[in-house]
Protein chains: 4
Amino acid sequence: MTCARDEGSLDHETEDAQVWASWGVDYLKYDNCFNQGRFGTPLITFQRFEAMWKAINATGRPMLYSLCNWGEDSTHAWANGISNSWRMSGDIYDYFTRPDDLCSCENAQDPMCIAPGKHCSVLNIINKLAPYADRTKPGSWADLDMLEVGNGGMTDDEYVAHFSLWAALNSPLLMGNDLRTLTASALSILNNPAVIAISQDPLAKSAIRIKRDVNVKKDEYGVGEAQIWSGKLFGGDQVVIFLNAADEDLEMKASLEEIFIRETGKAPQAQEDWEVHDLWANRMSDAVAQKIIDSPEQYATILSGIDWYNSTVIPYKEGIEKGDKRLLGKRIETLKARTMFVKTVKRHSAQMYRLRSSDRGAKKENLPSDDNHDEL
Amino acid sequence: MTCARDEGSLDHETEDAQVWASWGVDYLKYDNCFNQGRFGTPLITFQRFEAMWKAINATGRPMLYSLCNWGEDSTHAWANGISNSWRMSGDIYDYFTRPDDLCSCENAQDPMCIAPGKHCSVLNIINKLAPYADRTKPGSWADLDMLEVGNGGMTDDEYVAHFSLWAALNSPLLMGNDLRTLTASALSILNNPAVIAISQDPLAKSAIRIKRDVNVKKDEYGVGEAQIWSGKLFGGDQVVIFLNAADEDLEMKASLEEIFIRETGKAPQAQEDWEVHDLWANRMSDAVAQKIIDSPEQYATILSGIDWYNSTVIPYKEGIEKGDKRLLGKRIETLKARTMFVKTVKRHSAQMYRLRSSDRGAKKENLPSDDNHDEL
Amino acid sequence: MTCARDEGSLDHETEDAQVWASWGVDYLKYDNCFNQGRFGTPLITFQRFEAMWKAINATGRPMLYSLCNWGEDSTHAWANGISNSWRMSGDIYDYFTRPDDLCSCENAQDPMCIAPGKHCSVLNIINKLAPYADRTKPGSWADLDMLEVGNGGMTDDEYVAHFSLWAALNSPLLMGNDLRTLTASALSILNNPAVIAISQDPLAKSAIRIKRDVNVKKDEYGVGEAQIWSGKLFGGDQVVIFLNAADEDLEMKASLEEIFIRETGKAPQAQEDWEVHDLWANRMSDAVAQKIIDSPEQYATILSGIDWYNSTVIPYKEGIEKGDKRLLGKRIETLKARTMFVKTVKRHSAQMYRLRSSDRGAKKENLPSDDNHDEL
Amino acid sequence: MTCARDEGSLDHETEDAQVWASWGVDYLKYDNCFNQGRFGTPLITFQRFEAMWKAINATGRPMLYSLCNWGEDSTHAWANGISNSWRMSGDIYDYFTRPDDLCSCENAQDPMCIAPGKHCSVLNIINKLAPYADRTKPGSWADLDMLEVGNGGMTDDEYVAHFSLWAALNSPLLMGNDLRTLTASALSILNNPAVIAISQDPLAKSAIRIKRDVNVKKDEYGVGEAQIWSGKLFGGDQVVIFLNAADEDLEMKASLEEIFIRETGKAPQAQEDWEVHDLWANRMSDAVAQKIIDSPEQYATILSGIDWYNSTVIPYKEGIEKGDKRLLGKRIETLKARTMFVKTVKRHSAQMYRLRSSDRGAKKENLPSDDNHDEL
């Protein structure tokens, strides 16, 4: 049965996949309800979801296979061989930090969590992914669940932070709000091309967490922490996110050595100067966003009036290679070699930057990867 | 073998179920003793209990199938497809907070607990259920074990709290005391129609825990905490329980936003006024209860003399729809929109309220559910 | 292979059991080495050890089957159906409290411990057993590993505590020392009939831990705690052990309610007076013990000279029924109804008492058990 | 597929092993990527790696079988029956103490860790091994991952500590640096014969951790601790390592009783005097090392000029038996019976000593082992 108690697919994968193919289905989310006890070890769960993967492939029709087992049985360790995206948590809800008993894994970093439940906050989900952020892969992405942007339970700052992380962690960006009641502020988060370019980066590597500080002021739920995430981008660029989930404004900082952390030795990138681009500086104004909402049939005209980025015309890879300003955000400063990257970050917000080498023209486009191997 | 070492059912489910059906059995509790090592992963345990479920169904005779594996192997995740109730803990004993080594899961919230044992307190069991209180379902209830009300190990306040939670969490309400020595105070707990109506609510949704505070005074065992539970009821009503398991009286409070917590956005119910009904205010007096105990053959007469609720005559759904005062308890106040619900709660006791919208007449009876889907 | 790398039994149980039977073997310890990965879930481990149990039974020769898998895979939950004793820990070593990295389960109460190792202290093993002390059964005893009494690594007080617990927890009492170098003090611990009578009690119920206090002075290893254990004995008697594993002398106490803890209601035994018998008061003197060691061929004569208890002549059950003073220890006081049992206990030592009802003659010999059922 | 996504071996072990044998392969590292969910219990993982072990053996060609499953599923408990070395951790990286989210087992001692990841520090790996350091065996060694010595991320002191532990824990010593850019300091660590002799000791027993102190100054990552390791060597010698991973210099000490810890009784070795040999005192000078690097074709000449140890000419066993000074390091003091071994150890460094009995000539060469049995 499905989660809604309709007759579903377990042991009927082949016939169901064929029906869907005959309907022209493009996207299948295959959920975890009524699994008849077929979980508890990775192999059992793998086989259950592999059955559907084979059934879809056998149809010959390309469908995106969205695997959803809430991260049970170490999904990160096997799902990227048999799916296009894999949920790694219980269901998200529209809170930034509030813990809830139904999102039951107290230690959000525990990869053995059973019964992950629902009512999982943005922070809870991020913390769960951190230990295996490197397991997301081109064509098989970690799915952090649908976006809450625009649903009204969080502040605008919190939604910006939520969207920034979902982009940098390469999660599918599925709008979870009601489009008929979309607000201007939600639209201007969801359509930021400089941030979406991080999500769509050709190198396709998730950011990883390089710093975490739990010794900060806690909010009404007893939760508070600050994190810095850093990720490799195509062409030697780097994305850096300062996430302040503390109940106070914070000065946050990371050295270039930390930002370019390596398996072996010292980071040579720390010896260079870097141009810092603020990826939220050019966020669409509320006035423009509201105009689009009010006149959706005019949106192309409105956007063309403000030099908006159209990725159908210029693919992200091409835009990034060319240094398209709409994708780079706003250059705000130069970070000198061997220094600290320091920012004051407001309570419950995030800042997101693209670093680009100051002498980029003189270098090859791709620095060699420092990964010894890719782990499945 | 059974727990008492009589010959039992493992691998003999079919023949045993047929014998029971031939005897006219209505209720089967199927326990976990001498399971020959057939546990340790959900699938193994599922298959063992599924065998009996199929055997019962094959007899054609309806029996309530009470599955009892003490909550091992994530019972909450699979039992509601193959049972009518499922024990989720080791055996209860007649203490409110006392921890005991034999109830071995130190962290009562750990859903991977093996060897849950016996000597589990009321508080321990409640804490175990909290992470998956939403998994109880109509027709397959979480079983918190038999009631200790009236056995003498707890205070009257503690028994009231025990019964309140068992009702709001939709546990089977099996009297575990000796009826021949029933006391007046036990009877007046066990027969409170306003509380039983919560247990029998047509919407059949368990309350969930919305707040927990462990920074309160500890008792002689080092245990102390305070919790607030809230649950959706039929017709848009809400049940709220303030549970004080601290070793001191406490002022406890929750906002309407918290009481009506939602997956997305803000709770619209927080914008309304609510009538507060105390569900224990009309508890039967000791004098009447004692009269019933002393003259059981007269009980119908005695009860009719005090306008008692008879659910055989008026089903709970009908009574609630009509606003029967015997089910609503005593209206004590109006809770204004956007305010806090605040109560002073005595040490080791609980208060239990039904909230009903102040302008209920003007509204449809069922608010739409905010659940995205039902998880198995 | 065996632990010593000789060819062993895995998949050759039948032929090996037959060879042993042909040799007249009485006792088989079946260990856990070189198990080819056949562990990790209770069922896999159960099947491995069940194979040998069946093989032994098939020979027709009675052998004591001592199952040893170091407590992995929740041995307490299944071994008592297929063995006569079951090791529940890594290997003991000759220390009272010292933790060692090789005894790797940091939380000694964790029943899911994998790789329990060796170098487990007396205290570590006791703490592991506490959550399932009730699982030991007549004919299938929890095996806490061989006694270290007399090996020289602990003080005399520590060995007395070690032996007291092993007896009250119904562990097999296997001497682990070299008999050729037995000391007087070791002999007088190992031959105390009042303590052995607890081990051999006809009711065959393990003591359980009723109190644990970790807020006491720690020793050089950072370890320190105090525990009180209480167990039902044949004929309504009770054994109580005060175990002081703190780095200081302590006053320890338990109420009669706590000593006679029950599943339901209040303990009726707390309403009685009890005679307290010190089980170590009549320990054999060093002079007598040394005489036996020096003239082993004379031991019967020496013991008969001091009225020693010979259980071959008078079985323990008969001796206890008759109130044989050699089994009761020394009566030291009367504990009045509803009072506390209080003792000052030296650092790293234990005191062990048999409580016998003051008006025993007037009562039936066996109080009804308050257990609802036996869990496998 | 392999970790690099080339077609690999799962279910094709036999044909691949035969190809490798035909190529003359001597060393196979068999990794854990793309395992199709075949992990999660020891038996599943055992069978996957046993298949390759059988395939290699069937070829008839001796190959070193380096099993790499990152320590999942309790590798230490079963791998030494089917491999020559077994990785027991996620991938090492070039840091001494820095924790990283990708090395996800927060409690490094947890033997049930799933998803061990990469970016594991030297200290993290040592802490993981400590609970089962005794499981490494001649012919099947625990593999702590490749050496980072010379890669530049740690100080010279830290590399010395890293190499000392890898040698004393009998890990394979695989150089992980680029030989073309080898520095003098790296070479003089990697070629210290007195330390390599510990790695190659004929008794082949890993050192075990006898002390751990976490109450020391923490570094910028919040990490800091001090440890003492001790191991039996051939001929009654003992190796002792003082590892200071605190953020301060420390005085560290262990008694002879602790250094010679035993299963039963007191250590007789504590009653003797011991000669202390510093194994790093005779480390090659930078000048000599640089000369070798600069003129590799002259290295034999250069080394012969300084009386360097050549184990091809004199095997380690022979050298140790003869008391070759190049293997013993520098004798610095006599440790008197029943005293403490005390050293001041610099922040983030280690000291490593061989203890040899002062009256060695008068004794048999091998003290009897105090192990009761070898656990698989």
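Values quoted throughout were computed directly from the atomic coordinates according to the rules given, and no laboratory measurement underlies them. Please read these numbers as outputs of a predicted model, since none were measured by experiment. Every residue, glycine among them, receives a Cβ derived from its backbone with ideal geometry; neighbour counts consider all protein chains shown.
Separation of the range A:318-345 from the range A:249-306 is 8 Å, based on Cα centroids.
Shown for B:SER358: label points 7 Å from Cα along the beta-carbon vector, and their distances to the equivalent points in the other copies, 6.5, 6.5, 9.1 nm in ascending order. How big is the antiparallel share of DSSP beta bridges in the protein assembly as shown, given as a percent to the nearest 5? So the antiparallel bridges in the protein assembly as shown amount to around 75 percent. Can you give me the C-alpha center-to-center distance between the range B:25-39 and the range C:173-226, rounded to a whole angstrom? Here the answer is 36 Å between Cα centres. GNM on chain B, alpha-carbon springs under 10 angstrom: the most fluctuating residue among B:GLY37, B:GLY329, B:GLY231 is B:GLY37. For chain D, the residue among D:THR59, D:ALA167, D:SER358 whose Cα projects farthest onto the positive side of the dipole built from Cβ charges is D:SER358.
Counting Cβ atoms of other protein chains within 10 Å of each Cβ in A:117-125 and taking the mean gives 2. Output the 0 to 90 degree angle, nearest 10, between the alpha-carbon long axis of helix A:13-23 and the longest principal axis computed from the alpha carbons of chain A. That works out to roughly 70 degrees. Footprinting exposure proxy ranking of C:ASP286, D:ASP6, D:ASP100, fewest other C-beta atoms within 10 angstrom first, gives D:ASP6, C:ASP286, D:ASP100.
Exposed loop positions in chain A were taken to be GluC sites (Glu not before Pro) whose DSSP state is not H, G, I, E or B and which have at most 11 other beta-carbon atoms within 10 angstrom. Between these positions, the longest stretch is A:8-219. Remark: chain D carries a charge dipole of roughly 1080 debye about the Cα centre, counting +1 on each Lys and Arg Cβ and -1 on each Asp and Glu Cβ.
Ranked by how many other Cβ atoms sit within 10 Å of their own Cβ, fewest first, the residues B:ARG98, D:ARG61 fall in the order D:ARG61, B:ARG98. Taking a straight Cα-Cα cut-off under 29 Å and skipping sequence neighbours fewer than 8 places away in the same chain, the lysines within cross-link reach of D:LYS322 are D:LYS137, D:LYS205, D:LYS232, D:LYS330, D:LYS336, D:LYS343, D:LYS363, D:LYS364.
Rounded to the nearest 20, the size of the Cβ-charge dipole of the protein assembly as shown about its Cα centre is 1100 debye, with Lys and Arg at +1 and Asp and Glu at -1.
Taking Cα centre as origin and charging only the Cβ of basic (Lys, Arg, +1) and acidic (Asp, Glu, -1) residues, the dipole magnitude of the range B:181-376 rounds to 360 debye. Kindly work out what percent of the DSSP beta bridges joining two residues of chain D are antiparallel, to the nearest 5. Percent antiparallel among DSSP bridges in chain D is about 75.
Kindly identify the range B:1-145 as rounded, prolate or oblate by the Cα gyration tensor criterion: order the square roots of the eigenvalues as a ≥ b ≥ c, call it rounded if a/c is under 1.5, otherwise compare a/b with b/c, prolate if a/b is larger, else oblate. Note, shape of the range B:1-145 comes out prolate. Report, in degrees rounded to the nearest 10, the 0 to 90 angle that the Cα long axis of helix A:156-168 makes with the longest principal axis of chain A. On a 0 to 90 degree scale, this one is about 80. Over chain A, Cα pairs under 8 Å with separation of 6+ residues give a relative contact order of 14 percent.
Across the identical copies, the label point of C:GLN298 (7 Å from Cα in the Cβ direction) is separated from its matches by 8.4, 8.4, 11.9 nm, in order from shortest. Sparsely packed loop sites in the range B:238-336 (the chymotrypsin sites (Phe, Trp or Tyr not before Pro) outside DSSP H, G, I, E and B with at most 10 other Cβ atoms within 10 Å) do not occur. The residue list C:GLY40, C:CYS103, C:HIS119 was ranked by how far each Cα lies along the charge dipole of the range C:1-145 toward its positive end, using unit charges on Cβ atoms, and C:GLY40 comes out on top. Under 5 Å between amide hydrogens, built in the peptide plane, is the criterion, and for C:VAL345 it picks out C:LEU250, C:GLU251, C:MET252 among residues at least 5 positions away or on other chains.
Closest approach of any chain A Cβ to the axis that rotates A onto C belongs to A:THR41, 4, distance given in whole Å.
Sorted from closest to farthest, the other copies place their D:THR59 label points 4.3, 4.3, 6.1 nm away, with each point set 7 Å from Cα along Cα→Cβ. Across peptide A:206-212, the average count of Cβ atoms from other chains found within 10 Å of a residue's Cβ is 2.
Mean-square fluctuations from a GNM of chain D, with a 10 angstrom spring cutoff on Cα atoms, peak among D:THR75, D:THR301, D:THR136 at D:THR301. The alpha carbon gyration tensor of the protein assembly as shown gives principal lengths a ≥ b ≥ c with a/c of 1.5 or higher and a/b no greater than b/c, which makes the shape oblate.
Considering helices alone, the calculated mean residue ellipticity of chain A at 222 nm is -7000 deg cm²/dmol, with DSSP H runs of length four and up weighted by -39500 (n - 2.57) and normalised per residue.
Does the range C:131-246 classify as rounded, prolate or oblate by the C-alpha gyration tensor (a ≥ b ≥ c root eigenvalues; a/c under 1.5 gives rounded; else a/b over b/c gives prolate, otherwise oblate)? It is oblate, given that a/c is not under 1.5 and a/b is not larger than b/c. I want the local charge near B:SER206. Using Cβ-Cβ distances under 11 Å, sum +1 for each Lys or Arg and -1 for each Asp or Glu among the other residues. Within the 11 Å Cβ shell, the charges total +3. Among A:ARG87, A:ARG38, A:ARG354, the largest mean-square fluctuation in a Gaussian network model of chain A, built with springs joining Cα atoms closer than 10 Å, belongs to A:ARG38. Among C:TYR30, B:SER311, B:ALA281, whose Cα sits farthest toward the positive end of the charge dipole of the protein assembly as shown (+1 at Cβ of Lys/Arg, -1 at Cβ of Asp/Glu, about the Cα centre)? Working it through, the farthest residue towards the positive pole turns out to be B:ALA281. Neighbour counting of Cβ atoms within 10 Å sorts the residues B:SER164, A:SER22, fewest neighbours leading, into A:SER22, B:SER164. Per residue of peptide B:93-104, the mean number of Cβ atoms on other chains within 10 Å of the residue Cβ is 5.
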